[in-house]
Amino acid sequence: MDESPWEILETEALAEHPVKIVHERLRTHTGAVLDYYYQPRPIRVIFALPITAAGTALMIRQYRHPTRRFLLEVPAGKVDAGEALEDAVRRELLEEIGAEVGELVRFPAFYPQPSFNAAVFHPFAALDAR
């Protein structure tokens, strides 16, 4: 199987804010030509499930337009340049739910939507939330 990268034939920026979206015309390793839309910038994102000493999970209810619904979510956010992951978790928890936490348990990072963006998610459990 040929694993060579796809050839970029044309690139067009469709949006810059709040996120950059590009359209690329590509030739795949099989020779097929296709249109591809994605967010090109890699970003680091943390999310944490805060759990109180009593074992209650703290979540937020937030409207998400693509789903046209309010969803229950764990606090999450982008990691600032030069910021440690653990510091980003504590900052986001304070900003989003006003909680401080004790121990942070880190889980393996993953790419949740690699076909659409290069975001790397860093999940945590945030224990003793108060």
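The values are calculated or read from the model by the stated rules, or taken from the named source; none is laboratory data. None of the values given here were measured: they were computed from a predicted structure. All Cβ positions, even for glycine, are placed from backbone atoms using ideal geometry, and neighbour counts span all protein chains on display. SASA here: full protein model, heavy atoms, side chains in, ligands and nucleic acids out. Shrake-Rupley method; radii C 1.70, N 1.55, O 1.52, S 1.80 Å.
The HN-Hα couplings worked out from phi for region 5-18 by the Karplus form 6.51 cos²θ - 1.76 cosθ + 1.60 (θ = phi - 60°) are x, 6, 8, 8, 8, 7, 10, 9, 7, 9, 7, 10, 9, x Hz, whole numbers, x standing for Gly and Pro. Working note: Karplus 6.51/-1.76/1.60 with θ = phi - 60° gives region 84-100 the couplings 6, 4, 4, 5, 5, 4, 4, 5, 5, 5, 5, 5, 8, 10, x, 9, 10 Hz, where Gly and Pro are set to x. Asp128 exposes around 70 Å² of accessible area when a 1.4 Å probe is run over every protein chain in place.
In debye, nearest 20, what is the charge dipole magnitude of region 4-49 about its Cα centre with +1 on Lys and Arg Cβ and -1 on Asp and Glu Cβ, if you could check? Please report the intermediate quantities before stating the final value.
Working: 5 positive and 6 negative charges, 48 e Å.
That gives a dipole near 240 debye.
Could you report the chain's accessible area per residue, 1.4 Å probe, as an integer in Å²? Using a 1.4 Å probe on heavy atoms only, each residue of the chain averages 66 Å².
Of all DSSP bridge pairs formed entirely within the chain, close to 70 percent run antiparallel. When the Cα positions of Leu49, Val22, Gln113 are compared along the charge dipole of the chain, Leu49 comes out farthest toward the positive end, with charges on each C-beta of Lys, Arg, Asp and Glu.
Shape summary: the chain maps onto an equivalent ellipsoid whose semi-axes, from the alpha-carbon gyration tensor, are 36, 16, 13 Å in decreasing order.
Can you pull the percent of the chain's accessible area that's carbon plus sulfur, 1.4 Å probe, other chains left in place?
Values: 4860 of 8600 Å².
Reported share for carbon and sulfur atoms: 57 percent.
By a 1.4 Å probe calculation restricted to protein chains, Glu7 has an accessible surface near 90 Å², given to the nearest 10.
In the complete set of protein chains, residue-level accessible area for Val33 is approximately 70 Å², probe 1.4 angstrom. Each Lys and Arg adds +1 at its Cβ and each Asp and Glu adds -1 at its Cβ; summed about the Cα centre, the chain shows a dipole of about 460 debye. The phi-based Karplus calculation (6.51 cos²θ - 1.76 cosθ + 1.60; θ = phi - 60°) puts the 3J(HN,Hα) values of region 116-130 at 10, 8, 9, 5, 10, 9, 10, x, 9, 9, 10, 8, 6, 5, 8 Hz, whole numbers, x for Gly and Pro.
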